[in-house]
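Below is one structure, written out as structure tokens, with a few remarks after it.
The values are calculated or read from the model by the stated rules, or taken from the named source; none is laboratory data. Just so it is clear, the structure is predicted and the values come from calculations on it, not from any experiment. Every residue, glycine as well, gets a Cβ built from its backbone with ideal geometry; the counts of neighbours run over all protein chains shown. Protein only, heavy atoms only, side chains kept; ligands, DNA and RNA dropped before computing areas. Shrake-Rupley method; radii C 1.70, N 1.55, O 1.52, S 1.80 Å.
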Amino acid sequence: GESVGLHLPTLSVQEGDNSIINCAYSNSASDYFIWYKQESGKGPQFIIDIRSNMDKRQGQRVTVLLNKTVKHLSLQIAATQPGDSAVYFCAENRNYGGSQGNLIFGKGTKLSVKP
Amino acid sequence: SQTIHQWPATLVQPVGSPLSLECTVEGTSNPNLYWYRQAAGRGLQLLFYSVGIGQISSEVPQNLSASRPQDRQFILSSKKLLLSDSGFYLCAWNSRLLSYEQYFGPGTRLTVT
């Protein structure tokens, strides 16, 4: 089964507010995490990543926080815009048996932005 | 820059018919290649991955198969489609040097009737 799960399947926010999407993982050996954004009918797009030796990483309007103690990952979107409406997936990297680069995806959170 | 292509974009096939989905990557060499399936409203399920020509690893048992006849070409096939094969199929690649971030294609929407 999937080890990366999401606390909330749907999230509705007002335009201009901040959004926080959460993710839990179970494999403490995972060393790399990614957040993807998937708009309807399209492939996932990379948003931001973080390695396990970091607690926080910031991008443009997005911040990822990693809490290794409780194995929790979050994506914060500042000043949420209608264009942010999408499904967001977290994914963890597991290198096993010579298969580099395999990712384990969570189920996704659908973010809806109300104008 | 690197680009990834998938075709067709949409496909409607009857049960029992064959399937062939193609994925090609441009602008890179020796990529890792991946096939995922996504059911409606669900996450991504890894079906196959390949680290080189002719090298295919299967993640889940199914009636699908994959092949990599060329370095930057990845094909997903089936001899006889099932209703349960319906879904959104995504191809992805990443660099063996980086081995982490995966880049996804636009996907193929398959409906088996």
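Model label points for A:GLN60 and B:GLN73, set 7 angstrom from Cα along the Cα-to-Cβ axis, are 3.7 nm apart. Would you mind checking A:LYS42/A:LYS110; A:LYS110/B:LYS80; A:LYS42/A:LYS68 for any pair whose Cα atoms are more than 25 angstrom apart? Long pairs (Cα-Cα over 25 Å): A:LYS110/B:LYS80; A:LYS42/A:LYS68.
Can you compute the equivalent ellipsoid semi-axes for chain B, i.e. the square root of 5 times each eigenvalue of the Cα gyration tensor, sorted largest first and rounded to whole Å?
Working: eigenvalues 107, 38, 33 Å².
Working through the eigenvalues yields semi-axes of 23, 14, 13 Å.
Give me the inter-chain shielding for A:47-60: mean count of other chain Cβ atoms within 10 Å, whole number please. Before the final figure, lay out each step's value.
On the way: counts 0, 0, 2, 0, 1, 0, 0, 0, 0, 0, 0, 0, 0, 0.
Per residue, the number of nearby Cβ atoms from other chains is 0 on average.
Counting Cβ atoms of other protein chains within 10 Å of each Cβ in B:35-48 and taking the mean gives 4.
Per residue, how much accessible area does chain B have with a 1.4 Å probe, in Å²?
Values: 5260 Å² over 113 residues.
Ligands and nucleic acids excluded, the result is 47 Å² per residue.
In this structure, the amide hydrogen of A:ILE48, modeled 1.01 Å from its nitrogen in the peptide plane, lies closer than 5 angstrom to those of A:TRP35, counting only residues at least 5 positions away or on a different chain. Dipole magnitude for chain A: computed about the Cα centre from +1 point charges on Lys and Arg Cβ and -1 point charges on Asp and Glu Cβ, it is near 80 debye.
Across peptide A:81-92, what mean number of C-beta atoms from other chains lies inside 10 Å of a residue's C-beta?
Working: counts 0, 0, 0, 0, 0, 0, 4, 0, 3, 1, 5, 0.
Taking the mean over all residues of the peptide, I get 1.
Principal axis extents of the Cα atoms in region A:10-114, from largest to smallest and rounded to whole angstrom, are 44, 30, 22.
Jot down the per residue volume, in cubic angstrom and as a whole number, of the convex hull over the alpha-carbon atoms of the protein assembly as shown. Walk me through the numbers on the way to the answer.
Values: hull volume 28.6 nm³, N = 228.
Considering the Cα atoms of the protein assembly as shown, their hull volume per residue is 126 Å³.
On the protein assembly as shown, 51 percent of the accessible area sits on carbon and sulfur atoms, based on a 1.4 Å probe.
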